[in-house]
Amino acid sequence: MSSNIKIQRICQHCSKEFTARTTVTKYCNDYCSKRAYKARLRSGKIEGSNKETERIKKKPIEELKAKEFLTVRDVSKLLNCSIRTTYRLIAQGHIRAVNLLQRKTLIRRSEIDTLFELPTPESETKQPITMEASESYTLAEVQEKYGISERALHDFIRRKNIPRTKQGWYTHVPKVLIDQLLS
Ligand SMILES: [Zn+2]
C-alpha cells in the first residue's frame, strides 16, 4: 500500500494534520491508531460481545453453585479439572460421593466448599494439658539429658506425636514418655 503518494489528512484521533502515505490512512501515527482502537473497544461492540461471551460461559458455573447435589461432570466444571481427575479425587477420599446407581455418582455441593477449608491446627483442637514439673521435662532438659539438638528434638516430638504444653516460657513434655522413647 505504501507509495510515493502524499495526502494531507486530519488524524481521526488527535485531529492533527498529517501527511498520509496511503489513501486509507486515518491516523497520524501508530500511537493514535492504537488509542483509537482502544477507544472503539471501550465504547463499542467488541467489548460488549466479549462480555456477553463471558456471561454465557460463566452462567452454567453460577447455576452449579446453586445446586445442592452435583454430578461428577458438574464437579469437574466447578474445579476446572477433567472428569478423570474428579474421579481420582473421589477415589483418594478428597471428595465424598455417593454412588446412587452404576452411572450416577452424586456429590454434595458442600463437599467442594470444604475441599478448600484449611484444617484446624492440631494444637487448637486439642485440650490444653498441664504437666507437673516433677513429671515433665523442659525441652532444654531433654536436649541436655539425651544430647540431641533442638531441631532433632522438635522433629522427634512431632514424629512421635508427643503431647506437649507450654507453661510460661518453657515447653514441657512428659518425662515417662521421653525416657521410654529415648533411653
Ligand atoms: Zn494523531
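The values are calculated or read from the model by the stated rules, or taken from the named source; none is laboratory data. If you're wondering where the values come from, they're calculated on a predicted model, not measured in any experiment. In this analysis, Cβ positions are derived from the backbone assuming ideal geometry, glycine residues included, and neighbour counts consider all displayed protein chains. With ligands, DNA and RNA removed, areas are computed over all heavy atoms of the protein, side chains included. Shrake-Rupley method; radii C 1.70, N 1.55, O 1.52, S 1.80 Å.
Per the conditions (1) away from the ligand (no atom under 16 Å from the Cβ); (2) assigned to a loop (DSSP other than H, G, I, E, B); (3) open to solvent by 40 Å² or more (accessible area, probe 1.4 Å), the sole criterion not satisfied by residue 14 is (1).
Look at region 5-27: where a residue is farther than 17 Å from residue 38 by Cα and a partner is part of a loop (DSSP other than H, G, I, E, B) and within 11 Å of the ligand (Cβ to nearest atom), sitting 6+ places away or on another chain with Cβ atoms under 7 Å, you get 9/25; 16/28; 18/11; 18/28.
Selection over region 65-103 of residues that are touching a residue at least 12 places away in the same chain (Cβ under 8 Å), assigned to a strand (DSSP E or B) and out of contact with any strand residue (DSSP E or B) (no Cβ under 6 Å at 6 or more places or on another chain) gives a count of 1.
Listed by position, the helices (runs of 4 or more DSSP H) contained in region 138-182 that have at least 3 residues being open to solvent by 90 Å² or more (accessible area, probe 1.4 Å) are 150-159.
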